[in-house]
Amino acid sequence: MSQEKKPYFPMFVDLSQKKVVVVGAGTIAKRRIRTLLEFTNQLVVIAPEVNRELLDLEKNGKIQILRKKYQREDIYDADMVIAATNDSQINTDIYNVCKCTGITVNVCSDKHKCDFYFPGIARKENVVIGVTASGDNHRAARETVEKIRKIL
């Protein structure tokens with residue numbers, strides 16, 4: 001069987017009742033959180049410190065925040081995990097736990113440790129369009145999303 005690199009398959013998943021855990025609360029984590037808010041009702045953020053934006057989301061019942069350092073047990077019941085800390089050892093541990101337990105994972109800092117890539121999203125009501133360049137050309141994907149948003 002051929003080992004040639006293939007593009008990623010676009011798959012739309014119902015996350016509305018899935019528990020999604022984001023470990024970290026930095027810039028990339030916040031971008032992922034903003035995107036995920038539109039798709040899940042069970043969004044948990046694990047971080048010892050969070051900023052005002054995330055506190056407001058928690059206050060409005062949009063997310064749950066566990067103000068603590070990550071521990072393996074925190075993700076055992078998750079359906080999907082986003083590892084977005086600035087510590088590569090923690091991100092690797094999250095990846096390893098997810099792989100061993102069958103949890104879908106995305107390590108924001110390492111495209112080789114991702115079961116999926118976050119697409120650029122263009123949305124209007126129930127029409128959702130996801131664009132990816134299979135992790136190879138973020139600029140092309142971003143430019144394509146902007147064009148699609150204008151069309152919508």
Farthest toward positive dipole pole in the range 10-152 [+1 Lys/Arg, -1 Asp/Glu at C-beta], among Val131, Gln71, Ile90: Val131
The chain: most fluctuating residue of Glu38, Glu125, Glu58 per GNM, C-alpha cutoff 10 Å: Glu125
Euclidean distance of C-alpha centroids, the range 4-51 and the range 89-144, integer Å: 9
Candidates Ile129, Ile63, Ile90, ranked by Gaussian network fluctuation over the chain, Cα under 10 Å, top entry: Ile129
Percent RCO, i.e. relative contact order, over the chain, from Cα pairs under 8 Å lying at least 6 residues apart: 18
Of the DSSP H helices in the chain, those whose Cα atoms cover at least 15 Å axially and whose Kyte score averages 1.6 or more: none
Chain lengthening between Glu4 and Lys69 when straightened (0.36 nm per residue, less Cα-Cα): 19.4 nm
Dipole magnitude of the chain about its Cα centre (Cβ charges: Lys, Arg +1; Asp, Glu -1), debye to nearest 20: 420
Mean ellipticity per residue at 222 nm, deg cm²/dmol - from DSSP H runs of n ≥ 4 across the chain, formula -39500 (n - 2.57): -9500 deg cm²/dmol
Lysines with Cα under 16 Å of Lys62, excluding same-chain neighbours fewer than 8 positions away: Lys18, Lys19, Lys30
Listed candidates (i) 15.8, 52; (ii) 16.5, 57; (iii) 14.1, 43 - label of the one calculated as Rg and Dmax of the Cα atoms in Å: (i)
The chain: most fluctuating residue of Asn91, Asn126, Asn137 per GNM, C-alpha cutoff 10 Å: Asn126
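Taken together, the values in this text are just the output of simple stated rules run on the coordinates, not laboratory data. All figures in this text were calculated on a predicted structure; none of them were measured in a lab. Positions of Cβ are generated from backbone atoms using ideal geometry, with glycine treated the same way; all protein chains shown enter the neighbour counts.
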